[in-house]
1. Can you tell me which residue is most open to solvent (accessible area, probe 1.4 Å) among those in the range 170-207 that are within 15 Å of the ligand (Cβ to nearest atom) and among the aliphatic types (A, V, I, L, M)?
2. Scan the range 339-359 for residues that are touching a Phe, Trp or Tyr at 6+ places or on another chain (Cβ under 9 Å) and not hydrophobic (A, V, I, L, M, F, W, C) and jot them down.
3. Among residues belonging to the range 208-225 that are part of a helix (DSSP H, G or I) and open to solvent by less than 30 Å² (accessible area, probe 1.4 Å), point out the one that is nearest to the ligand (Cβ to nearest atom).
4. Search the range 250-304 for residues being of a type in the set (Lys, Arg) and not in a helix (DSSP H, G or I), and hand back the single one that is least open to solvent (accessible area, probe 1.4 Å).
5. For the range 271-299, which residues satisfy the criterion of being over 16 Å from HIS365 (Cβ atoms) and within 13 Å of the ligand (Cβ to nearest atom)?
6. Here is a list: TYR69, TYR61, TYR113, TYR84. Which entry is open to solvent by 70 Å² or more (accessible area, probe 1.4 Å) and in contact (Cβ under 8 Å) with a residue 40 or more places away in the chain?
7. Going through the range 309-321 one residue at a time, which ones are within 11 Å of the ligand (Cβ to nearest atom) and either over 15 Å from the mean Cα position of the chain (by Cα) or open to solvent by less than 10 Å² (accessible area, probe 1.4 Å) (or both)?
8. Do we have LEU348 as away from the ligand (no atom under 13 Å from the Cβ), closer than 16 Å to VAL170 by Cα and assigned to a helix (DSSP H, G or I) here?
Amino acid sequence: MINTSQQDKNIFSISSSEKRALLIKLIQEKSEESMLAGADIVKNVLCDLNRTVEDIPVAHYSFHLYPEYLKLQQQMQSVKGSGYLNPYFTLHSGVNGSLSTINSVDFINYSSYNYLGMSGESTVSFSAKEAIDCYGTSVSASRVVSGEIPLHRELEKEISDFIGTEDCIVYVGGHPTNVTTIGHLFGKDDLILHDEFIHNSASEGCKLSGAKRLSFPHNDWHKVNQILNDQRHRYRRVLIIIEGVYSMDGDIPDLVEFIKIKKHHKVFLMVDEAHSIGVLGNHGRGIGEYFNVNHSDVDIWMGTLSKAFASCGGYIAGCKELVEYLKYTAPGFVYSVGISPSNAAAALAALRLLRKEPSRVRRLHERSKLFLDLCLEKGLDTGMSKNTPVVPVIIGNSAQCIELSEALFRKGVNVRPIIYPAVQEESSRLRFFITSEHTEEQIYFTVNALADELVKVRLHHATKTS
Ligand SMILES: Cc1ncc(COP(=O)(O)O)c(C=O)c1O
């Protein structure tokens, strides 16, 4: 009788002659039981017998013929073939703010999330340089082991004081903050409910966690409540993930309702404040300030340092138990270098400057409102955007979208098209990020140019298709 589990275990490590012998033995035994149990082995052995290393396709061990790469090449060729410029990897030769220099030409720029003009601000740059002089360019170790510097602790304290939480942990990147935190805290007995428009970093974290994952229709807390009414009892822990401001649509979820649901069903709530920290609320304290909620009502406050805070990195703020647990166990923290001295110093300086100059936030709100109001006056479709500096202008056609962005580029306005497959074709759009440093004149000029050029692009397409 053949010991199938043993054979299963060894099937890939035995030689061809041993496989042949095994096959003969299986056929000789002919017992129904052994044939059934060995059916898979027979298939594998037959397959393996006929294969040599020469049969392995090049695409399986070389990136030159990697099928996914070839597909990407095809897509790039079709953009090139249609005569459009490559809208990606535009080279900026200065600070990426309300203005930017591209190919030695100055543009009014709407493609940076330098919301408060902190990147390029002299005090922020000075602090980063000072940190390099003091600590070098890297902390050269994981913080747990020997990479901790005072700036790390100062920054974490400043962030938790600013938001109003007990503690905070800073990671080297915003994206890995979500991946490692969500991936680490939740597991296969858990459920994660997230908004359908959640950022890639959060959905990658969900995948890593192994938890059951369900997305709910955008901002639809009724649906979340309904799902939890039906399914809460089936899971150990449940996490709801939402964002403070959605970066494609520039809208804000109803945090108060999500908190009620979180409390009623005894689940965790996480808010990604990448685009709302420094942006929402009179002092820029984020969506918590905007809705005037108690900060302990949200379990996990996540944010990035790369947007309003002019740096690079991410944070998780919350209760001290959460932060302590992550500091000792989260893989993306424990097994990664600490945030660099210059990045820590830049974020700290930006945060301190924001506290000193809340007028930056006020100006950001005014300029964002002006932009949105002017677009609406011109009859442009700005989707769900409201009270945020993210304003999409929905065109509904990828080709028209690219043409419009090129026409605006020729007029000195840099705004990026967001087209299929990043969004549905009918939702393709130009996405404007407003900053506190955009002047009123720049905004008037931009919206007028946008409305004029859109008419021309639509006319051009109508004549082309008629
Ligand atoms: C909602 C959201 N979360 C997380 C991230 C990742 O942040 P970072 O770019 O700082 O890595 C982004 C980036 O754009 C984001 O929009």
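1. VAL172
2. SER340, PRO341, SER342, ARG355
3. Just the residues of the range 208-225 that are part of a helix (DSSP H, G or I), to begin with: 208-209, 221-225.
With open to solvent by less than 30 Å² (accessible area, probe 1.4 Å) added as a condition, the list becomes 209, 224.
Values: SER209: 16, VAL224: 19 Å.
Going through the qualifying residues, I end up with SER209.
4. So, considering only residues that are of a type in the set (Lys, Arg) and not in a helix (DSSP H, G or I), the one least open to solvent (accessible area, probe 1.4 Å) is ARG285.
5. VAL271, ASP272, GLU273, ALA274
6. Just one listed residue meets the conditions, TYR113.
7. PHE309, SER311, GLY313, GLY314, TYR315
8. So LEU348 passes the test.
The values are calculated or read from the model by the stated rules, or taken from the named source; none is laboratory data. In this text the structure is predicted, and so the values were computed from the model without any measurement. Cβ atoms come from the backbone with ideal geometry, glycine included; neighbour counts cover every protein chain shown. Side chains included, ligands, DNA and RNA excluded: accessible areas come from the protein's heavy atoms. Shrake-Rupley method; radii C 1.70, N 1.55, O 1.52, S 1.80 Å.
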